[in-house]
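Shown next, in structure tokens, is the structure this report addresses.
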Amino acid sequence: MANVILIRFLFIYIYQNKLIMNKTILLGHGSGGLMTSDLIRDNFVKHFNNPLLNVLTDSAVTQIGETTVAFTTDSFVVDPVFFPGGDIGKLAVCGTVNDLSVSGAKPLFLSAGFILEEGFPLDDLERIVHSMGQEALKAGVQIITGDTKVVKKGQCDKIFINTAGIGLIEKRYASISRGKLIRPGDKIIVNGYLGDHEIAILSARENLMFEEPVISDVTSLNGLISSLLETGLEIRFMRDITRGGLATILAEVASSLKHGVLIDEQLIPVREQVNGLCEIYGFNPLYLANEGKVLMIVAPESAELAIKMMQRYDTGKEARMIGTITSDNPGKVLMKSVIGGTRIIDRLAGEQLPRIC
């Protein structure tokens with residue numbers, strides 16, 4: 001394990017210091033971490049440059065007449081397409097619903113585009129599409145348009161899905177995904193155990209057996225989020241904790257807003273099985289992907305009630321406060337470790353596990 005960790009640190013050092021010059025796409029460019037943000041900045045933002053895109057939030061937020069609209073899109077290439085707790089279809093709906101929800105929007109309509117490999121079983125396709133329909137019904141959204149393409153065998157891996165979503169936002173929430181309202185003293189909350197989705201994918205891919213299986217947390221969070229917004233709680237920021245994990249989101253918040261972040265390792269909820277596999281594979285739970293977890297930053301006076309309200313939902317029973325926004329160490333994330341020290345947490349560099357969503 002020590003050798004795995006050393007290799008990861010060396011990769012981070014080499015990449016951050018630009019000692020390797022990549023002229024091709026690597027798996028790490030899809031990690032949601034440092035390589036992804038560099039790819040987006042140096043290619044897509046460079047050539048698509050416009051005010052709506054450049055804020056780089058989970059959804060674009062704009063005005064159409066008097067209406068504030070959120071619009072998002074996402075693609076799903078998870079392997080395997082069926083995994084403990086879900087499948088690529090359920091994942092596609094939940095991922096898009098959650099991107100809209102953490103932007104303060106009420107999700108309304110989705111599109112669904114399918115790229116299918118020749119030879120993919122029709123029974124599997126129907127199972128996936130049925131799953132999408134059921135999750136859309138549960139989340140209160142409609143899939144109203146789509147597209148299908150078929151490619152020769154070997155030109156795609158079974159099935160890839162792209163979804164886009166539209167939702168409406170009350171004006172008072174229009175900036176909630178940008179973090180501009182965050183202040184020192186605000187509290188950091190997560191709604192439950194971290195890392196379940198990525199470890200569920202790993203266990204399905206590697207045929208790993210557990211005494212108590214790890215089930216993906218994939219679920220739509222719009223019910224939980226809307227209930228908190230409707231109470232008038234002072235929620236300053238939201239982000240769903242997907243690729244790159246908790247650490248990457250907090251590092252982005254700290255660096256973009258020039259605040260400090262202090263979290264406590266003992267307060268971060270991670271299952272014993274997840275921690276165990278992380279030790280074996282050299283993963284860090286802080287960087288694991290989730291598909292049913294939201295990070296909220298709330299005003300200090302709203303934190304206790306926010307946690308109590310989350311705990312009324314199945315998706316928030318393990319909600320807890322894990323840290324604080326500080327005026328100290330601006331631009332940095334510090335974590336109090338279980339052994340009493342403090343260390344700096346940065347964005348994910350490279351890839352822990354490809355094709356997790």
Using a Gaussian network for the chain with springs between C-alpha atoms less than 10 Å apart, which of these wobbles most: ASP217, ASP42, ASP186? ASP42
Among PHE120, PHE160, PHE210, which one moves the most in a GNM of the chain with springs linking Cα atoms closer than 10 Å? PHE210
Report the far tail of the P(r) of region 194-250, meaning the percent of Cα-Cα pairs longer than 19 Å. 48 percent
Charge tally in the Cβ shell below 14 Å around PHE120, where Lys, Arg are +1 and Asp, Glu are -1, PHE120 excluded: -3
Whole-Hz ³J(HN,Hα) from phi, Karplus 6.51 cos²θ - 1.76 cosθ + 1.60, for region 42-57, glycine and proline x: 7, 10, 5, 5, 4, 9, 9, 2, 7, x, 6, 6, 5, 6, 6, 9
Cα centroid separation - region 20-60 against region 65-87, whole Å: 18 Å
Taking the inverse of the average 1/r across all pairs of different Cα atoms in region 283-357, what Kirkwood radius in Å do you get? 15.1 Å
Debye, to nearest 20: dipole size of region 212-273, +1 on Lys, Arg Cβ, -1 on Asp, Glu Cβ: 280 debye
If I take the Cα coordinates of region 223-355 and project them onto the principal axes, what are the three extents in Å, biggest first? 42, 34, 29
Residues whose built amide H sits under 5 Å from the amide H of ALA105, excluding neighbours closer than 5 in sequence, are none
Determine ³J(HN,Hα), in whole Hz, for all residues of region 306-320 in sequence, where each value follows from phi through the Karplus function 6.51 cos²θ - 1.76 cosθ + 1.60 and θ = phi - 60°; x replaces Gly and Pro. 4, 5, 4, 5, 4, 5, 6, 9, 4, 7, x, 4, 9, 4, 7
Amide proton proximity set for GLY350, modelled H, under 5 Å, gap of 5+: LEU34, MET35
For the chain: Kirkwood Rh in Å [reciprocal of mean 1/r, alpha carbons]: 20.9 Å
Both in Å, the radius of gyration and Dmax of the C-alpha trace of region 25-178 are 16.6, 49
Across ILE199, ILE88, ILE344, the residue with the highest GNM fluctuation in the chain (Cα network, 10 Å cutoff) is ILE344
Restricting the count to DSSP beta bridges whose residues both fall in the chain, what percent are antiparallel, rounded to a multiple of 5? 80 percent
In whole Hz, what ³J(HN,Hα) sequence does region 253-266 give by Karplus (6.51, -1.76, 1.60; θ = phi - 60°), x for Gly and Pro? 4, 4, 6, 7, 10, 6, 9, x, 10, 10, 10, 10, 4, 5
Square roots of 5 times each gyration tensor eigenvalue, C-alpha, region 162-277, largest first, Å: 29, 19, 13
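Each value in this text was obtained by applying a stated rule to the coordinates, not by laboratory testing. Worth saying up front: this structure is predicted, and the values here are computed from it rather than measured. Heads up, the Cβs are rebuilt from the backbone with ideal geometry, glycines too, and the neighbour counts pull from every protein chain shown.
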